[in-house]
Amino acid sequence: MHPSRPIVLAGVGFTMLSMLLPFASFPVIGSVNGLSADAWPALLPLIPVVVLVINGRWDLSLEPGPGIVAVALCGLSLVFSLVKAADAVVAVRDTAGATLGAGAWMSVAAIAVATSGAAFGSFERS
């Protein structure tokens, strides 16, 4: 099995898990997770990436064409998750008594792992 495939799948799995964690907690409305903070669109570009990673021979890395598509889609998801993390930081900074949760940073880190796995699997042929 090529190591890039489980790295991408683990990154996507932790991204899904991060959507259930709080992105921010506010005094009046309580905890806001990734689903209610509208961060879930970060998962949409990762769906084709999972399909690309699952298909094909598991002992080889991705072909160059699908690999570039996987890196581009992961990069798009990473940019969106960074914007949502910055949005959470701004919302917490402007609200008294609000705290930042781990979900936003876990989302960014997990998508970065998926992106690095896709890049590793795209540009290294074994």
**Item:** Residue ID - nearest to residue 40 (Cα to Cα), chosen from residues in the stretch 70-126 that are outside any helix (DSSP H, G or I) and among the hydrophobic types (A, V, I, L, M, F, W, C)
**Value:** 102
**Asked** Can you tell me which residue in the stretch 27-46 is farthest from the chain's Cα centre (by Cα), limited to those that are surrounded by fewer than 16 Cβ atoms within 10 Å (Cβ to Cβ) and touching a residue at least 60 places away in the same chain (Cβ under 8 Å)?
**Response** 27
**Options 59, 94, 87; residue that is modelled with pLDDT under 95 and under 18 Å from the mean Cα position of the chain (by Cα)** = 87
**Asked** Condition test on residue 95, is it over 19 Å from residue 123 (Cα atoms), in contact with a Phe, Trp or Tyr (Cβ under 8 Å, 6 or more places away or on another chain), of a type in the set (Ser, Thr, Tyr) and touching a residue at least 12 places away in the same chain (Cβ under 8 Å)?
**Response** yes
**Fill in**
residue 7 fails exactly one of (1) over 18 Å from residue 76 (Cβ atoms); (2) of a type in the set (A, V, I, L, M); (3) exposed (fewer than 14 other Cβ atoms within 10 Å of the Cβ), namely (3)
**Residue identified as surrounded by 19 or more Cβ atoms within 10 Å (Cβ to Cβ), more than 14 Å from residue 108 (Cβ to Cβ) and more than 13 Å from the chain's Cα centre (by Cα) among 69, 49, 53** = 53
**Message:** Could you go through the stretch 90-102 and let me know if any residue there is surrounded by fewer than 20 Cβ atoms within 10 Å (Cβ to Cβ), closer than 29 Å to residue 4 by Cβ and not charged (D, E, K, R).
**Reply:** yes
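The values are calculated or read from the model by the stated rules, or taken from the named source; none is laboratory data. As the structure is a computational prediction, the values presented were derived from the model and not from experiment. Please note: Cβ atoms are built from the backbone with ideal geometry, for glycine as well, and neighbour counts cover all protein chains shown.
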